[in-house]
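Asks: I'd like to ask you about the structure that follows.
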Amino acid sequence: MNSPHTSQNLPEPGPVPGPVPGPAPGSAPRSAPERAYDLVLFGATGFVGALTAEYLAAHAPAGCRWALAGRDRAKLERLRERLAAIDPRCAELPLLRADATDPREVRELAASTRVLATTVGPYIWYGAQLVAACAENGTDYLDLTGEPEFVDRMYVAHDARARESGARIVHACGFDSIPADLGAYFTVRRLPEGVPLTVDGFLRTNATFSGGTLASALAAAGRGAQTLAAARERRLHEPRLLGRRARGPAAAPRYSRETGSWALPLPTLDPRVVARSAAALERYGPDFRYRHYASVRRLPVAVGAAGAVGATVALAQIPAVRSWLGSRWEPGRGPDAQRRARSWFTVRFVGEGGGRRVLTEVSGGDPGYGETAKMLAESALCLAYDRLPAASGQLTTAVAMGDALLERLQGAGIRFRVVDERAV
């Protein structure tokens, strides 16, 4: 969730952009004249953006027509020089200047490419114009948001138009929320069909964060009332399930015998994403529930962590304190290569239903940056090149890409494995 701006003195979000000039309703942009690019990476010079660009330089297939985009041409040129050391062909990468708040520049950017991936956050401030332009132009869109308010506002404003234009709007394509979404998907496929299912996810990690991540987290934490209002508005627009139920309810702290640890509910987007995958895919059964926890071995650490999170959320309600907290870690900075090399994550999933219990695990290296860059890049390549389900509108990663993305991530070194299966 990288941000090119500081978190101080941010303006209040304006009205959610409505339709911008583009294809007429019912048109099919994918069959229109060829776009200039297969993939554009916007926010490429930020901390996560640069890591994503480096991953693409090393792994994009031959013939991939991709470009770097951002506000600062000089920074883009310096990044291109670094990428050329990875692959000399990157010396010729196109550089596109665009500002996320300029509707004309954003429109031109979306119209130039089949897939637009953005790392520019906080998304509630800098993402709406991009989503609007992609929905109107039939351009696939990906981001790294973990901001529930932004996701809900974008659904209300642009899901219907994206369905018409054929655009796939896929939020949370990094550590928020691919491990939870595809981990639950992987787990469900090992449980019986047509029966009620429950899945609990337990996260452990030793990773640290960047300034951009902190800015996005503080922006979301300081907008509790707006987040609730956006969720209520979405419920008015979202079709209700008939004959099925899919939930990601708030959980309570507890001791987990399955993992031998204290489980603290995580106030993240992940349970909502998993529940939306379950609502869209009948394979999750007639009644599905997902809960998401941090897994902590020692009780004193669990108590201290819960207190720290609560205090931070409370302080974030005060604008001056929120600005001060954001200024402690400048956006664009993050853990160095040595620190990232020591970082890791695991998410254990306990799934039950139909008399079966399965324990699965998703694991990898540095979650917030190295692996997030990998997830975003592979998601973009997946949308650009893989055979995928016929779907459009606002989608989750499991619904939009499912097996294809799972296979890509496994090939890229993120591990999905079954730990144990048994009758209960």
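The values are calculated or read from the model by the stated rules, or taken from the named source; none is laboratory data. For clarity, every value in this text was computed on a predicted model and none was experimentally measured. Cβ atoms come from the backbone with ideal geometry, glycine included; neighbour counts cover every protein chain shown. For accessibility, only protein heavy atoms count, side chains too; no ligands or nucleic acids. Shrake-Rupley method; radii C 1.70, N 1.55, O 1.52, S 1.80 Å.
Asks: Kindly indicate the residue of segment 343-374 that is within 19 Å of His292 (Cα to Cα) and hydrophobic (A, V, I, L, M, F, W, C) and also modelled with the lowest pLDDT among those meeting that condition.
Replies: Trp344
Asks: Give segment 404-423 a look and list any residue that's out of contact with any Lys or Arg (no Cβ under 9 Å at 6 or more places or on another chain) and part of a helix (DSSP H, G or I), or say none.
Replies: If the condition is that a residue be out of contact with any Lys or Arg (no Cβ under 9 Å at 6 or more places or on another chain) and part of a helix (DSSP H, G or I), then Leu405, Leu406, Glu407, Arg408, Gln410, Gly411 are the ones that fit.
Asks: If you check Leu395, Leu381, Leu405, which single one turns out to be touching a strand residue (DSSP E or B) at 6+ places or on another chain (Cβ under 6 Å) and either of a type outside the set (D, E, K, R) or modelled with pLDDT of 95 or more (or both)?
Replies: Numbers: Leu381 fails: touching a strand residue (DSSP E or B) at 6+ places or on another chain (Cβ under 6 Å); Leu405 fails: touching a strand residue (DSSP E or B) at 6+ places or on another chain (Cβ under 6 Å).
Result of the check over Leu395, Leu381, Leu405: Leu395.
Asks: Return the residue satisfying two criteria in turn: it lies in segment 58-69 and is open to solvent by 10 Å² or more (accessible area, probe 1.4 Å) and of a type in the set (A, V, I, L, M, F, W, C), and of such residues it is nearest to Tyr37 (Cα to Cα). Before you say what the answer is, go through the steps one by one.
Replies: Step one: filter segment 58-69 for residues open to solvent by 10 Å² or more (accessible area, probe 1.4 Å), giving 58-66.
Add one more test, that the residue is of a type in the set (A, V, I, L, M, F, W, C), and what stays is 58, 60, 62, 64, 66.
On the way: Ala58: 18, Ala60: 13, Ala62: 14, Cys64: 8, Trp66: 6 Å.
Here the answer is Trp66.
Asks: A further question on this structure: Exactly one of these conditions fails for Val321: (1) over 21 Å from Ile414 (Cα atoms); (2) modelled with pLDDT of 60 or more; (3) in contact with a helix residue (DSSP H, G or I) (Cβ under 8 Å, 6 or more places away or on another chain). Give me its number.
Replies: Evaluating Val321 over (1) over 21 Å from Ile414 (Cα atoms); (2) modelled with pLDDT of 60 or more; (3) in contact with a helix residue (DSSP H, G or I) (Cβ under 8 Å, 6 or more places away or on another chain) leaves (2) as the failure.
Asks: Report yes if some residue within segment 134-153 is out of contact with any Leu (no Cβ under 7 Å at 6 or more places or on another chain), in a helix (DSSP H, G or I), of a type in the set (Phe, Trp, Tyr) and surrounded by fewer than 24 Cβ atoms within 10 Å (Cβ to Cβ); otherwise report no.
Replies: No.
Asks: Please indicate, with yes or no, whether at least one residue in segment 38-54 is without any contact (Cβ under 8 Å) to a residue 40 or more places away in the chain and either open to solvent by 50 Å² or more (accessible area, probe 1.4 Å) or in contact with a Cys (Cβ under 9 Å, 6 or more places away or on another chain) (or both).
Replies: yes
Asks: Looking at segment 202-225, is at least one residue open to solvent by less than 60 Å² (accessible area, probe 1.4 Å), at pLDDT 90 or above and closer than 29 Å to Val156 by Cα?
Replies: No, segment 202-225 contains no residue that is open to solvent by less than 60 Å² (accessible area, probe 1.4 Å), at pLDDT 90 or above and closer than 29 Å to Val156 by Cα.
Asks: Please verify whether segment 230-240 includes one or more residues that are in contact with a Phe, Trp or Tyr (Cβ under 9 Å, 6 or more places away or on another chain), under 14 Å from Thr198 (Cα atoms) and not hydrophobic (A, V, I, L, M, F, W, C).
Replies: no
Asks: Next question. I'd like to know if segment 293-303 contains one or more residues that are in contact with a helix residue (DSSP H, G or I) (Cβ under 8 Å, 6 or more places away or on another chain), modelled with pLDDT of 90 or more and of a type in the set (Phe, Trp, Tyr).
Replies: no
Asks: A further question on this structure: Return yes when Thr52 is modelled with pLDDT of 95 or more and of a type in the set (Ser, Thr, Tyr) and no when it is not.
Replies: Against the criterion (modelled with pLDDT of 95 or more and of a type in the set (Ser, Thr, Tyr)), Thr52 qualifies.
Asks: Listed residues Pro179, Pro192; which is open to solvent by less than 10 Å² (accessible area, probe 1.4 Å), farther than 17 Å from Tyr123 by Cβ and touching a residue at least 40 places away in the same chain (Cβ under 8 Å)?
Replies: None of the other options fit; the residue is Pro179.
Table: residues versus (1) in contact (Cβ under 8 Å) with a residue 40 or more places away in the chain; (2) closer than 27 Å to His158 by Cβ.
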{"position": "Arg232", "(1), (2)": "no, yes"}
{"position": "Pro265", "(1), (2)": "no, no"}
{"position": "Thr268", "(1), (2)": "yes, yes"}
{"position": "Asp287", "(1), (2)": "yes, no"}
{"position": "Arg291", "(1), (2)": "yes, no"}
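Asks: Pull up segment 154-176, narrow it to residues that are among the acidic types (Asp, Glu) and closer than 16 Å to Gly138 by Cα, then point me to the one that is most open to solvent (accessible area, probe 1.4 Å). Break it down stepwise before answering.
Replies: Just the residues of segment 154-176 that are among the acidic types (Asp, Glu), to begin with: 159, 164, 176.
From what's left, closer than 16 Å to Gly138 by Cα: 159, 164.
Working: Asp159: 12, Glu164: 91 Å².
My answer is Glu164.
Asks: For segment 158-189, how many residues are in a helix (DSSP H, G or I), among the hydrophobic types (A, V, I, L, M, F, W, C), closer than 23 Å to Leu39 by Cβ and out of contact with any Leu (no Cβ under 7 Å at 6 or more places or on another chain)? Please lay out each step first, then the result.
Replies: Keep residues of segment 158-189 that are in a helix (DSSP H, G or I), which gives 158-165, 178-188.
Now narrow it down to the ones that are among the hydrophobic types (A, V, I, L, M, F, W, C): 160, 162, 178, 180, 182, 184, 186, 188.
Narrowing further to those that are closer than 23 Å to Leu39 by Cβ: 162, 178, 182.
Pick out the ones that are also out of contact with any Leu (no Cβ under 7 Å at 6 or more places or on another chain) and you get 162, 178.
Number satisfying all stated conditions: 2.
Asks: Determine whether Gly393 is open to solvent by less than 10 Å² (accessible area, probe 1.4 Å), among the small types (Gly, Ala, Ser) and closer than 21 Å to Ser277 by Cα.
Replies: On the way: open to solvent by less than 10 Å² (accessible area, probe 1.4 Å): yes; among the small types (Gly, Ala, Ser): yes; closer than 21 Å to Ser277 by Cα: yes.
Criteria met by Gly393.
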